[in-house]
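Here it is: the structure, laid out below.
The values are calculated or read from the model by the stated rules, or taken from the named source; none is laboratory data. None of these values were measured; they are calculated from a predicted model. Positions of Cβ are backbone-derived with ideal geometry, glycine not excepted, and every protein chain shown enters the neighbour counts. Ligands, DNA and RNA are excluded from the accessible area calculation, which covers all protein heavy atoms including side chains. Shrake-Rupley method; radii C 1.70, N 1.55, O 1.52, S 1.80 Å.
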Amino acid sequence: MKSFRSRLLIAAMAVLMGSALAKSQTADAPPAPPMHDHAYGMHEHMMGFFGKKLNLTDEQKTQMKAIMEKEHPAMKPLFQQQHQIDQQLRQYVEGQFDEAKVQALAAQKAQIQAQMTVAETRVHNQLYALLTPEQQSQLKEMESKHEARMQERMNRQAPAAPPAQ
C-alpha cells in the first residue's frame, strides 16, 4: 500500500511539474480563465518548483507540455461537472436540507472524482516516465522528505490521549 501511495504522490508531483512547465512555455498567451478551484494554479506553481529542482531539459518541458495539452480537454469537463455539483450542494447548505438529494449529488460527485483520479494518474504516469532515473530518484527523495514533514505535523497536531482512570 505504501508503495502505491508513494508512486501516486510521485506521479502527482510530476503532473505538477508538467503544468508549471506548460504555463512557463506560454508566457505570451493570454491567461486561461480561472477554474472553479485553485488546483490548476497550484499545479503550475508546483511544476515550476519541481522543474527547477529536477533541472528538466527543454525537451522534457516540451514533452510534458504536450501531455498536459493533450489531456486537458478530457479533464476540463470533469472539473466543470464537479463545480456544478458543488454549486447544487451549496443550496442545501444555505437553504432547506434534503438528505436524499444531497446523497444523490454526492454519488454523482464520487463518480466524477473517480474519473478524475484515473485521468490524473494516467497523466502523472506519463510525466513520471519522462524523467531520467536520476530525476526520478531526486523526486522520490523530495517526496520522502515531504511525507516525513507531513507525518511530523500530524503527530504534533494529534490530540493528547485521554487521561487513564
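Please give the number of the condition Asp86 fails out of (1) loosely packed, with under 15 Cβ neighbours inside 10 Å; (2) of a type outside the set (Phe, Trp, Tyr); (3) free of Cβ contacts under 8 Å to residues at least 24 places away in the same chain; (4) within 30 Å of Gln126 (Cα to Cα).
Here Asp86 clears every test but (3).
Kindly indicate whether Ala114 is closer than 30 Å to Leu139 by Cβ, part of a helix (DSSP H, G or I), aliphatic (A, V, I, L, M) and open to solvent by 40 Å² or more (accessible area, probe 1.4 Å).
When the stated conditions are applied, Ala114 passes them.
Looking at the structure I just gave you, is Leu54 modelled with pLDDT of 90 or more, hydrophobic (A, V, I, L, M, F, W, C) and closer than 22 Å to Lys140 by Cα?
yes
Looking at region 73-82 only, could you name the residues that are farther than 14 Å from Ala107 by Cα and touching a residue at least 12 places away in the same chain (Cβ under 8 Å)?
Ala74, Met75, Leu78, Phe79, Gln80
Looking at region 101-110, which of its residues are of a type outside the set (Gly, Ala, Ser) and more than 17 Å from the chain's Cα centre (by Cα)?
If the condition is that a residue be of a type outside the set (Gly, Ala, Ser) and more than 17 Å from the chain's Cα centre (by Cα), then Lys101, Val102, Gln103, Leu105, Gln108 are the ones that fit.
Which numbered condition trips up Pro133, out of (1) under 20 Å from Glu143 (Cα atoms); (2) open to solvent by 70 Å² or more (accessible area, probe 1.4 Å); (3) touching a helix residue (DSSP H, G or I) at 6+ places or on another chain (Cβ under 9 Å)?
In the conditions (1) under 20 Å from Glu143 (Cα atoms); (2) open to solvent by 70 Å² or more (accessible area, probe 1.4 Å); (3) touching a helix residue (DSSP H, G or I) at 6+ places or on another chain (Cβ under 9 Å), Pro133 misses (3) alone.
Mind counting the residues in region 107-151 that are charged (D, E, K, R) and under 16 Å from Phe49 (Cα atoms)? Reasoning before the result, please.
Within region 107-151, the subset charged (D, E, K, R) is 109, 120, 122, 134, 140-141, 143, 145, 147, 149.
Filter once more, keeping what is under 16 Å from Phe49 (Cα atoms): 140-141, 143, 145.
Within region 107-151, residues that are charged (D, E, K, R) and under 16 Å from Phe49 (Cα atoms) number 4.
Which numbered condition in (1) outside any loop (DSSP other than H, G, I, E, B); (2) more than 29 Å from Lys61 (Cα to Cα) is the only one that Lys140 fails?
(2)
May I ask you to verify whether Val102 is in contact (Cβ under 8 Å) with a residue 24 or more places away in the chain and touching a helix residue (DSSP H, G or I) at 6+ places or on another chain (Cβ under 8 Å)?
In short, no.
Filter region 117-137 for residues that are in a helix (DSSP H, G or I) and either of a type in the set (A, V, I, L, M) or on the phi > 0 side of the Ramachandran plot (or both) and give the result. Lay out the reasoning, then the answer.
Step one: list which residues in region 117-137 are in a helix (DSSP H, G or I), which gives 117-129, 133-137.
Selection gives Val118, Ala119, Val123, Leu127, Ala129.
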